[in-house]
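The values are calculated or read from the model by the stated rules, or taken from the named source; none is laboratory data. Computed from a predicted structure; not experimentally measured. No Cβ is skipped: glycine too gets one built from the backbone with ideal geometry, and neighbour counts run over all protein chains shown. Note: areas computed on protein heavy atoms with side chains; ligands, DNA, RNA excluded. Shrake-Rupley method; radii C 1.70, N 1.55, O 1.52, S 1.80 Å.
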Amino acid sequence: MTKTIFSGIQPSGTPTIGNYIGAMRQFIPLQEEFNCFYCIVDEHAITVPQDRLQLRKQTKSLAALYLAIGLDPEKATVFIQSEVSAHAEAAWIVQCNTTIGELERMTQFKDKSAKNGKAGVSAGLLTYPPLMVADIILYQADLVPVGEDQKQHLELTRDFVERFNNRYGNNNAILTLPEVHIPEAGGRIMSLQDPTKKMSKSDENQKGFISMLDEPKVIRKKIKSAITDSSGVIEYDKENKPGVSNLLTIYSSFTNESIDTIVKRYEGVGYGQFKEDLAEAVVAVLEPIQQRHDELLASEELDLILDKGAEEARLVANKTLRKMKNAVGLGRKR
């Protein structure tokens, strides 16, 4: 029986090449092997204030990027979270079977409430992990691709599923217990201006990250100004040469060549030529993605795909929601 994967990304800005290398590009082979649901989780985005028009624009842009990188709507279901109302309904049932203590232990809530004070954060920041749990369980996901920063949420999901099945299942598993799916190794991409910290789209220094929609001339300029060191020697040494090591990881990821192969090719060659060639390698991958992204946004095709995806998602999610409602005694049994 084919296993199911669920994955969601917030439309809180254009993904960086770090997001692409670490997660998005790995969606493509997964659709060949698994029953995949790829969601733009716009309801998660509103835990902090958003400009409504910008949020809608970013949501459609992210959906277009999903497809532009190679997701096939005939093989994977691509949809927008808020267009499947079962997510919010199931999240309420999850909240009512989750304790305040569990939610207050979530790292993101602890960090933000410590920074701003509990009065300064929305209730949604406390209760959004149950929405994330709902996202996963509605599709009876067997596997969830997660990074280190999301493992805590998957642990919460597993705890909830076990509790729910024990409490309401009468020895039957109503919900599937998901497992972590560790994506194949994709280098951890660091800031171009501070290679000791992770590349982030929220970095105040625009030179620190490459957005997937940066124009080729911008990409070339950012790579040219990337921090290296004064030695001029191209070698992989994360501890002593974090800047050039980060660029080698990017080069390897965009060309599918080993770092050793790249290092040998640039033996005795300075950073200037190396950066030039790296920029062209990144542009060669991103430019066709950007062109396809723009085509999708300019046509009706994207809306038709998202309509289809939402319908497919509703069929699966509503079936699970009915099971959950019946289990806890909501409404008339159906």
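Net length available on complete extension from Glu32 to Arg105 is 22.6 nm, with 0.36 nm assigned per residue and the Cα-Cα distance removed.
The GNM of the chain, with springs linking C-alpha atoms under 10 angstrom apart, assigns the highest mean-square fluctuation among Gly101, Gly18, Gly124 to Gly101.
Taking a 22 Å limit on the Cα-Cα distance, which of the listed pairs Lys198/Lys238; Lys57/Lys201; Lys197/Lys217; Lys151/Lys197 fall beyond it?
Long pairs (Cα-Cα over 22 Å): Lys197/Lys217.
Top to bottom by accessible area (1.4 Å), largest first, where do Leu297, Leu315, Leu143 land?
On the way: Leu297 75, Leu315 120, Leu143 25 Å².
Descending accessible area places them as Leu315, Leu297, Leu143.
First check a/c for the chain, with a ≥ b ≥ c the square roots of the eigenvalues of its C-alpha gyration tensor; if it is under 1.5, answer rounded, and if not, answer prolate when a/b is larger than b/c or oblate otherwise. Cα axes put the chain in the prolate bin.
Per DSSP helix of 4 or more residues, -39500 (n - 2.57); summed, then divided by the residues of the chain. What does that give at 222 nm, rounded to the nearest 500?
Working: 14 runs with 178 residues, N = 334.
So the calculated ellipticity at 222 nm is -17000 deg cm²/dmol.
Computed over the chain with a Gaussian network model linking Cα atoms closer than 10 Å, the most mobile of Asp307, Asp42, Asp51 is Asp51. Proximity of backbone amide H atoms, modeled 1.01 Å from N, is registered between Lys3 and Asn35 at under 5 Å, excluding neighbours fewer than 5 places apart on the same chain.
Order the following by accessible area, largest value first: Asp294, Asp142. Probe radius 1.4 Å; ligands, DNA and RNA are ignored. Don't skip to the end; give the middle numbers.
On the way: Asp294 90, Asp142 45 Å².
Largest to smallest exposure gives the sequence Asp294, Asp142.
Along the charge dipole of region 216-293, pointing to its positive end and built from +1/-1 on Cβ of Lys, Arg, Asp and Glu, which listed residue (Ile223, Val233, Gly268) has its Cα farthest out? My answer, from the dipole projection, is Ile223.
For Arg167 and Gln50, the difference between the fully extended length at 0.36 nm per residue and the C-alpha to C-alpha distance is 38.3 nm. If you take every DSSP beta bridge whose two residues both sit in the chain, what share of them, in percent to the nearest 5, is antiparallel? Here the share of antiparallel DSSP bridges comes out near 15 percent. On full extension, the segment bounded by Asp159 and Val285 gains 41.3 nm, given 0.36 nm per residue less the C-alpha separation.
Taking the Cα centre of the chain as origin, work out the dipole magnitude from +1 charges on Lys and Arg Cβ and -1 charges on Asp and Glu Cβ, in debye rounded to 20.
Charge dipole of the chain: 1180 debye, to the nearest 20.
In the elastic network of the chain, a GNM with C-alpha springs shorter than 10 Å, the most mobile of His181, His44, His87 is His181.
Annotation for region 28-103: GluC sites (Glu not before Pro) lying in DSSP loop with at most 15 further Cβ atoms inside 10 Å of their Cβ are Glu74.
Assign one of three labels to region 35-105, namely rounded, prolate or oblate, based on the Cα gyration tensor with a ≥ b ≥ c the square roots of its eigenvalues; rounded applies when a/c is under 1.5, prolate when it is not and a/b is larger than b/c, and oblate otherwise.
On the way: a/c = 2.54, a/b = 1.53, b/c = 1.66.
Oblate is the answer for region 35-105, as a/c is 1.5 or above yet b/c matches or exceeds a/b.
Largest accessible area first, the residues Asp72, Asp135 order themselves as Asp72, Asp135 under a 1.4 Å probe with ligands, DNA and RNA left out.
Counting other C-beta atoms within 10 Å, and keeping those with at most 15, which DSSP coil GluC sites (Glu not before Pro) do you find in region 248-334? Don't jump to the answer; show the numbers that get you there.
Details: sites: Glu257, Glu267, Glu276, Glu280, Glu295, Glu300, Glu301, Glu311, Glu312; in loops: Glu257, Glu267, Glu300.
Here the GluC sites (Glu not before Pro) that fit, given the DSSP loop and packing criteria, are Glu257, Glu267, Glu300.
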